[in-house]
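A short write-up of the structure that comes next.
Values quoted throughout were computed directly from the atomic coordinates according to the rules given, and no laboratory measurement underlies them. Worth saying up front: this structure is predicted, and the values here are computed from it rather than measured. All Cβ positions, even for glycine, are placed from backbone atoms using ideal geometry, and neighbour counts span all protein chains on display.
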Amino acid sequence: MSLVLVIPLIVGLVLLLTGRTKTFEVPDWRGITPGLSTRTDVVSILGLPDNTEERGGFLIDVYQDRQNLGWKWVEVWFEPEQLKVQGILLIIPNDANPTDKLQLIDLAERYRKPNFISWSTLRYERFFAWTDRGVAIEASISTLSPDSTADLSKVKTTSAFLFEPQSVFSFTRFAWPWPAGAGWNNTNLYQSGTTDAPDLYPENPIDWARVELNSGW
């Protein structure tokens, strides 16, 4: 009798953890949609890549310093079986106002507060993700001061990642093939006592209560 009661409880807990977050339409970039587009589609849109590599069990096509793409480095990640796009990584915007609208202020206006905020692998950067929307960014917070923590215009995107919308639980447990210097981290890698230039900002440096108040959300 106890086993009959325990099994539904375990199933219910798993469903709660993995499926409680409502997800939305998959984002696309230049007509490339994670989970739907294939490698053939990507080549027809972006052309042949400058380099291809295998990383973490994924096939990675790399486009380097293509001014027409708006980013200095673009990676398209493919799952190895059907070569469908698993993710799109955009690194370092080529201009101050990229047309992709992937600055923190743009995304917050569109989707409100991120549902996942964490440390980055780089000093003075943070990882902001709207996992239910399929969008994440790494952004520099070095220009934030105590009186500007609600000014999202001061936070500048350094990289962006597009993927299939999913729960935070699924996103943080998936083995994404991040290159060196990209992705999120569980801890501050630049703590006092471990480096001459520690990152003293909090993990979540934005005053979201003030942002919401000022924005009238």
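So here's what we get for this one:
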item	result
Cut-off under 5 Å, modelled amide H: who pairs with LYS156 long-range	SER140
Enclosed volume per residue, in Å³, of the convex hull spanned by Cα atoms of region 20-215	133
Phi-based couplings in Hz for region 76-85 (Karplus 6.51, -1.76, 1.60; Gly and Pro marked x)	10, 9, 10, 6, x, 7, 9, 6, 8, 5
The chain - mean residue ellipticity at 222 nm from DSSP helices (-39,500 (n - 2.57) per run, n ≥ 4, rounded to 500)	-6500 deg cm²/dmol
Net charge contributed by nearby residues that have their C-beta within less than 14 Å of PRO146 (K/R +1, D/E -1)	-1
FRET E, pair SER148, LEU48, Förster distance 45 Å, beta-carbon r, rounded to 0.05	0.55
Sequence-distant residues sharing a close amide H with ASP207 (under 5 Å, placed H)	ALA150
Summed residue charge, Cβ within 11 Å of LEU102's Cβ, Lys/Arg positive, Asp/Glu negative	0
Tail fraction, Cα-Cα pairs, region 108-175, threshold 20 Å, whole percent	27
Virtual spin-label span in nm between ARG55 and THR195, 7 Å along Cα→Cβ	2.0
Under the span-like rule (Cα at least 18 Å along the axis, Kyte-Doolittle mean at least -0.5), DSSP H helices of the chain	2-19
Modelled FRET efficiency - R0 30 Å, ARG173 with ASN68, Cβ distances, 0.05 increments	0.25
